[in-house]
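Notes follow the structure.
The values are calculated or read from the model by the stated rules, or taken from the named source; none is laboratory data. Predicted, not measured: the structure shown is a model, and the values here were computed from it. Neighbour counts are summed over all protein chains in view; Cβ atoms, including those assigned to glycine, are modelled from backbone coordinates with ideal geometry. What goes into the accessible areas is simple: the full protein's heavy atoms, side chains included, and nothing from ligands, DNA or RNA. Shrake-Rupley method; radii C 1.70, N 1.55, O 1.52, S 1.80 Å.
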Amino acid sequence: MLIDHIKKDIISRAFSVVSIRQFTFVTFLLLYLVACSTVQAGSLLKVINVIDGDTVVLKNGLTVRLLGINTPEMGYKGRASEAGAVAAKKALKKWVLNKMVLVEYDVEQKDRYGRILAHLFLDDGQHINLEMLRSGQATLSIHPPNLRYAHRFKAMQRQAEKKKMGLWSLQAYQKKAVEEIAKNRAQGWGRFSGQVQKITKGKKGAKLWLTDEVYIWISVENKRYFLTLDSYKGKQLEVRGWPRKRGQLWSINVIHSSQILIET
């Protein structure tokens, strides 16, 4: 290939130059050519499999996790699927299976599992991530620094909630008192309501205490994505997330302000 010939020529020239400035330029040019030879976002690719409501497999073998949304977990190894999981997968299959999609990245291109993180668009411009929220088949799940379309996603979820579409009509997605966490040892995603009793701060982050046993955790890295912490004190909140047992206490880790709603 022509590009391979150019790469080899650049490498041979790089080792023959004396000037550091010339070598730096040649190195930069080489890296640029390598980048140009890889698969870039913007190509239309076919979806050959839908794993669940927020994950698909493309014809080139890549697994794509849809950004900005989360859907209930499908059952595996004998475990039952979570409420709404089958419907979410069915909806995503209807929209994308065996169709060509445009892959659009945000800041991060991969997650810790090696999956591609992306927004998917059909060739007519339909934004699939947004459609999953609009139909109530997914919940908002903003993961900084991937904030593209965050405001649009929030507005679309509010509409779906108001109309009680999809997941929002299910019992598992109704709001509960925060006391239910410790009482029923809740561990799945949920909506919990409570008043911030106090706020404690440390080097690693802050805790917004809703009861003596349950607190909201905001790490110092994610603090920038929230209101001033003291503005939450005394407020009645709805927090959305996954409760986790921490010794004798319960914590709900939040990473974006969309997980905390101030109730009026």
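Just so you know, in segment 227-264 the residues that are loosely packed, with under 13 Cβ neighbours inside 10 Å and of a type in the set (Ser, Thr, Tyr) include one that is farthest from the chain's Cα centre (by Cα), and it is 264. Contact map, segment 247-262: first residue under 14 Å from residue 225 (Cα atoms) and assigned to a strand (DSSP E or B), second residue open to solvent by less than 30 Å² (accessible area, probe 1.4 Å) and of a type in the set (D, E, K, R), Cβ cut-off under 6 Å, separation 6 or more or different chains; pairs are 261/238.
Only one residue in 214, 239, 254, 220 is touching a Gly at 6+ places or on another chain (Cβ under 9 Å) and more than 29 Å from residue 71 (Cβ to Cβ). Which one?
The match here is 220.
Among the residues examined, residue 140 qualifies as open to solvent by 20 Å² or more (accessible area, probe 1.4 Å), modelled with pLDDT of 95 or more and either touching a Ser or Thr at 6+ places or on another chain (Cβ under 8 Å) or not in a strand (DSSP E or B) (or both). Taken over segment 55-71, the criterion of being in contact (Cβ under 8 Å) with a residue 60 or more places away in the chain and in contact with a Lys or Arg (Cβ under 9 Å, 6 or more places away or on another chain) is satisfied by 55, 56, 67, 68, 71. Applying the criterion of being touching a Lys or Arg at 6+ places or on another chain (Cβ under 8 Å) and assigned to a strand (DSSP E or B) to the residues of segment 114-130, the residue that is nearest to residue 253 (Cα to Cα) is 117. Tallying residues that are under 29 Å from residue 71 (Cα atoms) and assigned to a strand (DSSP E or B) within segment 179-211 yields 11.
Test residue 133 against the stated conditions and say whether it is assigned to a strand (DSSP E or B) and within 15 Å of the chain's Cα centre (by Cα). For residue 133, the condition - assigned to a strand (DSSP E or B) and within 15 Å of the chain's Cα centre (by Cα) - is not met. Among the residues of segment 169-185, those that are touching a residue at least 24 places away in the same chain (Cβ under 8 Å), of a type outside the set (Ser, Thr, Tyr) and surrounded by fewer than 17 Cβ atoms within 10 Å (Cβ to Cβ) comprise 170, 171, 172, 175, 179, 185.
Among the residues in segment 60-74, are any open to solvent by 30 Å² or more (accessible area, probe 1.4 Å) and in contact with a helix residue (DSSP H, G or I) (Cβ under 9 Å, 6 or more places away or on another chain)? Yes, some residue in segment 60-74 is open to solvent by 30 Å² or more (accessible area, probe 1.4 Å) and in contact with a helix residue (DSSP H, G or I) (Cβ under 9 Å, 6 or more places away or on another chain). A single entry from 148, 152 fulfils the requirement of being open to solvent by 10 Å² or more (accessible area, probe 1.4 Å), at pLDDT 95 or above, under 28 Å from residue 224 (Cα atoms) and part of a loop (DSSP other than H, G, I, E, B): 148.
Do we find a residue being farther than 28 Å from residue 155 by Cα and assigned to a helix (DSSP H, G or I) anywhere in segment 233-246? Scanning segment 233-246 turns up no residue that is farther than 28 Å from residue 155 by Cα and assigned to a helix (DSSP H, G or I). Quick one: count up the residues across segment 160-178 that are part of a loop (DSSP other than H, G, I, E, B) and not basic (Lys, Arg). Qualifying residue count for the region: 4.
Answer yes or no: is there a residue in segment 194-209 that is open to solvent by less than 50 Å² (accessible area, probe 1.4 Å), at pLDDT below 95 and at negative phi. Checked segment 194-209: no residue is open to solvent by less than 50 Å² (accessible area, probe 1.4 Å), at pLDDT below 95 and at negative phi. With respect to the conditions (1) open to solvent by 50 Å² or more (accessible area, probe 1.4 Å); (2) part of a helix (DSSP H, G or I); (3) in contact with a strand residue (DSSP E or B) (Cβ under 9 Å, 6 or more places away or on another chain), residue 157 lacks only one, and its number is (1). For segment 211-223, the criterion of being at pLDDT below 95, under 24 Å from the mean Cα position of the chain (by Cα) and farther than 19 Å from residue 175 by Cα is satisfied by no residue at all.
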